[in-house]
1. What is the projected area of the convex hull of the Cα atoms of region 52-206, averaged over all directions, in nm²?
2. In region 183-241, which trypsin sites (Lys or Arg not before Pro) fall in coil by DSSP and have 16 or fewer other Cβ atoms within 10 Å?
3. Once amide H atoms are built 1.01 Å from N in the peptide plane, which residues 5 or more positions from F176, or in another chain, come under 5 Å H to H?
4. Based on the Cα atoms of region 144-248, what semi-axes does the equivalent ellipsoid have, where each is the square root of 5 times one gyration tensor eigenvalue, given in whole Å with the largest first?
5. If I take the Cα coordinates of region 63-131 and project them onto the principal axes, what are the three extents in Å, biggest first?
Amino acid sequence: MKKRAKTLPGVTRRQVLTWSTLGVAAGVTRAADAVSLKGAPGWTPFADNPPEQFQAQGWLFFTDEEARTVEAMVDRIIPADELSVGGKEAGCAVFIDRQLHGFYGTFERLYMQGPFQQGTTEQGDQSPLVPQQRYRQGLAALNRYVQQTSQKNFVDLTPAQQDALLADMEAGKVHFSGFDAQSLFLEVLNNTMEGFFADPIYGGNKDMVSWKMLGFPGARYDYREYVERHNENLGLEPISIAQWKARR
């Protein structure tokens with residue numbers, strides 16, 4: 001025998017259904033009010049999770065030799081041209097240095113207890129080495145290789161020689177003693193792109209050079225008045241996180 005839902009004495013099912021519907025409607029209304037911002041927002045960007053910043057000057061992780069090598073690499077990955085400055089002037093090496101000095105450098109926020117096995121491309125990074133170790137060991141292996149083959153350091157090669165070596169590293173055509181050359185190139189490539197396009201608060205993209213080149217308006221609070229304006233140069237000057245916070 002089926003059990004029937006009980007209602008309170010003197011209360012009909014129609015009333016219960018009506019109350020439930022009103023409750024859902026009220027909840028939706030409250031949610032809509034919560035996301036409909038009126039006027040200036042009552043919060044500060046990243047107040048609960050501020051960007052990791054370092055006020056100290058100079059290199060925080062790299063040695064001087066490592067820094068020169070990385071500056072040379074980022075300047076070949078993003079060479080200066082008529083559109084923008086190169087990777088070195090844009091601060092890409094500074095960005096990488098700050099990231100390595102911070103929690104990214106030790107993978108503080110990732111599980112790093114193993115087991116460590118060779119994975120597929122789809123599985124992502126499976127190395128037991130954290131970025132600090134990769135850069136320190138990889139840059140040393142790079143300069144050992146160049147010294148053995150050219151009796152020079154990487155920074156002393158001509159731009160054409162640097163380009164050729166980086167291309168061979170990318171293609172997996174060159175092998176270093178004690179470190180995978182291709183993985184070093186990919187690490188530097190990815191971090192260089194991040195430093196070139198990230199908010200300047202992280203040390204790279206000096207003077208928002210890449211944002212100005214692309215016409216990206218930056219970390220603005222509200223884009224609602226522009227969403228329907230397609231294929232149009234809005235002429236908006238980019239705003240960084242630091243500038244946005246300063247306007248508050």
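All of the numbers you see were taken from the coordinates with simple rules; none came from a lab. The structure presented is a predicted model; accordingly, all values stated were derived computationally and were not measured. With ideal geometry, Cβ positions are generated from the backbone for all residues, glycine too; neighbour counts draw on all protein chains shown.
1. Its Cα hull, projected and averaged over all orientations, spans 9.9 nm².
2. Here the trypsin sites (Lys or Arg not before Pro) that fit, given the DSSP loop and packing criteria, are R220, R229.
3. A181
4. 41, 15, 12
5. Result for region 63-131: principal-axis Cα extents of 47, 27, 20 Å.
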